[in-house]
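The values are calculated or read from the model by the stated rules, or taken from the named source; none is laboratory data. Given the structure is predicted, the values throughout are model-derived calculations rather than measurements. Every residue, glycine among them, receives a Cβ derived from its backbone with ideal geometry; neighbour counts consider all protein chains shown. Ligands, DNA and RNA are stripped out before the accessible areas are found, and what is left, the full protein with its side chains, is counted by its heavy atoms. Shrake-Rupley method; radii C 1.70, N 1.55, O 1.52, S 1.80 Å.
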Amino acid sequence: MKYLFSSLLITFLFSFAETHAQDTTGLPPLVIPAEPVHKFAKTPAALGISAKVQARVAAMKNPPLNIALFAVDRRSSDKEGNSDVIMIITIDQVTKTIKMSSILRDTYVNIEGKGMDKINAAYAIGGPQLAIKTINQNFGLDIKDYFNVDFFTTAKMIDALGGVEVAVKPEEIPYLNNYLKEISIIDNIPPDNVAQPGYQRLTGKQAVAYTRIRAVGRGDFERTERQRTVLIALFYKMQGGGSAMLPVLMSQILPFLETSMSSMELFSIGGTILNSKSKSIETARFPLDSSSKGVRINNVYYLSADMIKTTEALHNFIYKGIKPGK
């Protein structure tokens, strides 16, 4: 979730700077995102970017920028968990559009040094370095940077923005409230349950609980849809907040972002998307239904995918703007 928050924040910073270039009084000091808590190397070898991929990207004029976004199932700061949210955020430097590609967490892939496993296990095993390397190696990508949050910091960021509006289905409420109960036990405070379905404003904890629902609908397939729904709703909220949102973003959003990117890189990204004519985000989910199926290996569920077809569909979406089927 982080990169979207950061890129949008930097957009606001640039916009505000252009509009109020002569008025710097009363602004909060610039807060730099948290430094990575993991050692992170950006060489192609360390990131699993093959020579073939490097050559393909080098041949492109203004290739899109791909950044990994992780939300980790972490109960405490000293323990790393699986990355239950895995997304690739793409900024198309030609069309100025933003794309959001969800990778289903149960996808059965090869993890270097571990063998075949669920893709979300890579983060728990080797942090963002191995998680990005696993994505690049299995999908032929060139990701060099990441953003990471856990569920608790995500809730704090959503609350800082005043919550988010989401349409909650009746069948989702029991599961949403069950996750809220789990959070309340950890926080040792009573849960703020959602009482009724419909379009409504969710608090940070409620929104996080909503994105974790897996037992309703088509499991992880629909869960990734909920994750994208929350992110898109936040995008529009931040976009519509104007300069009044700046102090909140600088003081209450940036400090929660763990990223491998420098402040200058963040500002550069902000400049790229500032003049975007597109006000929407294109979204997709991989693997597609047509090229994957659930399997059980040693009584553990995995999503087995045709990696050739999946990689082709993902590349078509990211590099060619071709919306995938199902």
Problem set entry | Residue that is surrounded by the fewest Cβ atoms within 10 Å (Cβ to Cβ), among those in region 95-114 that are without any contact (Cβ under 8 Å) to a residue 24 or more places away in the chain and assigned to a loop (DSSP other than H, G, I, E, B) | Gly113
For this session: State all residues of region 209-240 that are open to solvent by 30 Å² or more (accessible area, probe 1.4 Å) and among the polar types (S, T, N, Q); if no residue qualifies, say none.
Result: Thr229, Gln239
Problem set entry | In region 161-193, residue modelled with the lowest pLDDT [restricted to those that are surrounded by fewer than 18 Cβ atoms within 10 Å (Cβ to Cβ) and among the acidic types (Asp, Glu)] | Asp187
Seminar exercise, completed: Contact list, first residue from region 186-200 and more than 14 Å from Glu165 (Cβ to Cβ) and assigned to a loop (DSSP other than H, G, I, E, B), second anywhere and open to solvent by less than 60 Å² (accessible area, probe 1.4 Å) and modelled with pLDDT of 90 or more, beta-carbon distance below 8 Å, six or more apart or interchain, is Pro191/Asn177; Pro191/Leu180; Asp192/Leu180; Asp192/Thr203; Asp192/Gln206; Asn193/Asn177; Asn193/Leu180; Gln196/Ile173
Problem set entry | Subset of region 72-94 [modelled with pLDDT of 85 or more and either under 30 Å from Ile183 (Cβ atoms) or open to solvent by 10 Å² or more (accessible area, probe 1.4 Å) (or both)] | Ser83, Val85, Ile86, Met87, Ile88, Ile89
Problem set entry | region 129-156: number of residues that are open to solvent by less than 10 Å² (accessible area, probe 1.4 Å) and either of a type outside the set (A, V, I, L, M) or out of contact with any helix residue (DSSP H, G or I) (no Cβ under 7 Å at 6 or more places or on another chain) (or both) | 8
For this session: Within region 131-155, track down each residue that is in contact with a strand residue (DSSP E or B) (Cβ under 9 Å, 6 or more places away or on another chain), in a helix (DSSP H, G or I) and modelled with pLDDT under 95.
Result: Phe151, Thr153, Thr154
For this session: Being of a type in the set (S, T, N, Q) and over 16 Å from the mean Cα position of the chain (by Cα) is the filter here, so list the residues in region 99-128 that pass it.
Result: Thr107, Asn110
For this session: Would you be able to say whether some residue in region 50-62 is open to solvent by less than 40 Å² (accessible area, probe 1.4 Å) and either more than 20 Å from the chain's Cα centre (by Cα) or at pLDDT 95 or above (or both)?
Result: yes
For this session: Please find, within region 298-311, the residue that is least open to solvent (accessible area, probe 1.4 Å) out of those that are free of Cβ contacts under 8 Å to residues at least 60 places away in the same chain and farther than 20 Å from Lys323 by Cβ.
Result: Val300
Seminar exercise, completed: Considering residues that are part of a strand (DSSP E or B) and open to solvent by 50 Å² or more (accessible area, probe 1.4 Å), the number found within region 281-297 is 4
Problem set entry | Test result for Gly242, assigned to a helix (DSSP H, G or I), modelled with pLDDT under 70 and over 21 Å from the mean Cα position of the chain (by Cα) | yes
Problem set entry | Positions within region 102-119 being at pLDDT 95 or above and polar (S, T, N, Q), in sequence order | Thr107, Asn110
Exercise. Looking at (1) open to solvent by 10 Å² or more (accessible area, probe 1.4 Å); (2) touching a residue at least 40 places away in the same chain (Cβ under 8 Å); (3) small (Gly, Ala, Ser), which is the one condition that is false for Gly126?
Worked result: (2)
